[in-house]
Amino acid sequence: MTTMRRQNIDKFYELLDEVIKKFPKRTLDTISRNNLPEKGVYFFFEPNEVRENSNSDRVVRIGTHAAIAKSNATLYDRLYNHKGSKDLTGNHRGSVFRKLIGYSLLYKDNLNFPHWGDKSKKSDRLVKSSEKSLEISVSKYLYTLPFTVLEVPGPSAKDNDRAFIEENTIALLSNYDRQPIDKHSANWLGLHSNEQKIIGSGLWNSDYVDRKQIDSNYFDIFEKHLTKMKNWC
């Protein structure tokens, strides 16, 4: 089982290298509507997080958008939620990615932000103002993480190809409750998370990390979209 999973992970990274040729890595502080596909699946990397026996970067976060019926969200909308505002403050209540990184920074440095992640405080100006410094730290951290995008068009739906690729990629790469492959480094920020699924998976994802198998047509669907993808260089 481990041998097959390792082979599948190697195949995924080979395909991702082809994705990068069409959408070279960039960071959130450089995004605009003009340099992004309208729809797609994104893959974040992290400095000093590398694959086993390789100098290549490992993926630390997989995500998408418009994976529910009638959603009008674009890829830019989702990435902008992660990116935050021009003043770097951002809104972690609108981005799970920001929230997770914030928690790790909070616990790593023993900071006092008692309402971090509390959605009931989303309109509380005093709370939001008190959280600005941590939001800025989250933005600065996020800006160090390069990402690439697989262009995946299609309607908004919970079972569309974007959702399919996201879920299966997380399931493939997650080390949660299994023998690790491409394990996180000893200094990975995620080790300070308050969620065992982040620590165990080695990913900034908590959904789907406990899934153990990928669908048999995962690579077929991935390659179908890779073949049709335009060049975003």
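Quick note: the coordinates plus some simple rules give every number you see, no bench work behind them. Computed from a prediction, not measured in an experiment: that's the story for all the values here. Glycine gets a Cβ as well: all are built from the backbone with ideal geometry, and neighbour counts include every protein chain shown.
Here are the numbers for this structure:
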{"read-out": "Unmet requirement for VAL127, which otherwise passes all of (1) of a type in the set (A, V, I, L, M, F, W, C); (2) crowded, with 18+ Cβ neighbours inside 10 Å; (3) free of Cβ contacts under 8 Å to residues at least 40 places away in the same chain", "value": "(2)"}
{"read-out": "Test: residue in region 181-189 that is within 19 Å of LYS11 (Cα to Cα) and surrounded by fewer than 18 Cβ atoms within 10 Å (Cβ to Cβ)", "value": "yes"}
{"read-out": "Filtered residue count, region 80-129, keeping only those that are polar (S, T, N, Q), closer than 26 Å to LEU191 by Cβ and part of a helix (DSSP H, G or I)", "value": "2"}
{"read-out": "Matching residues in region 90-142 - criterion: being within 18 Å of SER193 (Cβ to Cβ) and small (Gly, Ala, Ser)", "value": "SER95, GLY102, SER104, GLY117, SER137"}
{"read-out": "Unmet requirement for HIS115, which otherwise passes all of (1) under 20 Å from the mean Cα position of the chain (by Cα); (2) over 21 Å from LEU79 (Cα atoms)", "value": "(1)"}
{"read-out": "Pick from region 22-32, criterion in a helix (DSSP H, G or I), in contact (Cβ under 8 Å) with a residue 12 or more places away in the chain and farther than 19 Å from ARG162 by Cα, ranking: farthest from the chain's Cα centre (by Cα)", "value": "ASP29"}
{"read-out": "Members of region 130-176 that are under 17 Å from ARG78 (Cα atoms) and assigned to a loop (DSSP other than H, G, I, E, B)", "value": "TYR143, LEU145, PRO146, VAL152, PRO153, GLY154, PRO155, SER156, ALA157, LYS158, ASN160"}
